[in-house]
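Asks: Could you have a look at this structure, given as structure tokens, before my questions?
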Amino acid sequence: MLKPKILIVDKVTQQTKDFSSVLSELSEFDIDNSVKYKQSIDYFDNNVYEYIIMDHSCKGSDDYLEYVLTKKPLQKFILLSDSLNCPVDCTFCL
């Protein structure tokens, strides 16, 4: 049986690498990491993700969010950022 997957869309930093390692070690998930919009689209189109964890302040993140939710409206996202300008209305997430 295939393990469930998580896609992390964020700049590659030591924190991102550490977070991916911790998730891999402590959970049953396979982890993919993506930086660029096109790469994120390719991952999404060729895999099934339980969760997509994304820094919504990354370049192209709004377009990616729209692309994914158009194809799979119930895709689970975890949006992270040090910015308060979330692209999704809070009532949608609640």
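Asks: Based on this model, can you work out whether residue 28 counts as part of a loop (DSSP other than H, G, I, E, B), modelled with pLDDT of 85 or more and either in contact with a Lys or Arg (Cβ under 7 Å, 6 or more places away or on another chain) or surrounded by 10 or more Cβ atoms within 10 Å (Cβ to Cβ) (or both)?
Replies: So residue 28 fits the description; yes.
Asks: Only one residue in 17, 36, 5 is in contact with a Phe, Trp or Tyr (Cβ under 9 Å, 6 or more places away or on another chain) and basic (Lys, Arg), so which one is that?
Replies: Result: 5 is the single residue among 17, 36, 5 that is in contact with a Phe, Trp or Tyr (Cβ under 9 Å, 6 or more places away or on another chain) and basic (Lys, Arg).
Asks: Can you find a residue that is more than 21 Å from residue 2 (Cβ to Cβ) and either at pLDDT 90 or above or open to solvent by less than 60 Å² (accessible area, probe 1.4 Å) (or both) anywhere in region 15-23?
Replies: yes
Asks: Let me ask another. Here is a check on your reading of the model: is residue 35 in contact with a strand residue (DSSP E or B) (Cβ under 8 Å, 6 or more places away or on another chain) and either exposed (fewer than 11 other Cβ atoms within 10 Å of the Cβ) or farther than 18 Å from residue 67 by Cβ (or both)?
Replies: Numbers: in contact with a strand residue (DSSP E or B) (Cβ under 8 Å, 6 or more places away or on another chain): yes; either exposed (fewer than 11 other Cβ atoms within 10 Å of the Cβ) or farther than 18 Å from residue 67 by Cβ (or both): no.
No: the conditions fail for residue 35.
Asks: Could you please find all residues in region 1-25 being in a loop (DSSP other than H, G, I, E, B) and more than 16 Å from the chain's Cα centre (by Cα)?
Replies: Across region 1-25, the qualifying residues are 1, 2, 3.
Asks: For region 31-61, which residues satisfy the criterion of being in contact with a helix residue (DSSP H, G or I) (Cβ under 9 Å, 6 or more places away or on another chain), part of a helix (DSSP H, G or I) and not aliphatic (A, V, I, L, M)?
Replies: 37, 40, 44, 45, 61
Asks: For the list (1) within 12 Å of the chain's Cα centre (by Cα); (2) modelled with pLDDT of 95 or more, I need the number of the one condition that residue 47 fails.
Replies: It is condition (1) that residue 47 fails.
Asks: Hey, any hits in region 52-62 for a residue that's in contact with a His (Cβ under 8 Å, 6 or more places away or on another chain), crowded, with 17+ Cβ neighbours inside 10 Å, touching a residue at least 12 places away in the same chain (Cβ under 8 Å) and not hydroxyl-bearing (Ser, Thr, Tyr)?
Replies: Taking region 52-62 and keeping what is in contact with a His (Cβ under 8 Å, 6 or more places away or on another chain), we get 62.
Add one more test, that the residue is crowded, with 17+ Cβ neighbours inside 10 Å, and what stays is none.
Scanning region 52-62 turns up no residue that is in contact with a His (Cβ under 8 Å, 6 or more places away or on another chain), crowded, with 17+ Cβ neighbours inside 10 Å, touching a residue at least 12 places away in the same chain (Cβ under 8 Å) and not hydroxyl-bearing (Ser, Thr, Tyr).
The values are calculated or read from the model by the stated rules, or taken from the named source; none is laboratory data. Treat the numbers as computed from the prediction; the structure is a model and nothing was measured. Quick reminder, even Gly has a Cβ in these numbers, built from the backbone with ideal geometry, and neighbours come from all protein chains shown. Just so you know, the surface numbers come from the protein's heavy atoms only, side chains and all, with ligands and any DNA or RNA stripped out. Shrake-Rupley method; radii C 1.70, N 1.55, O 1.52, S 1.80 Å.
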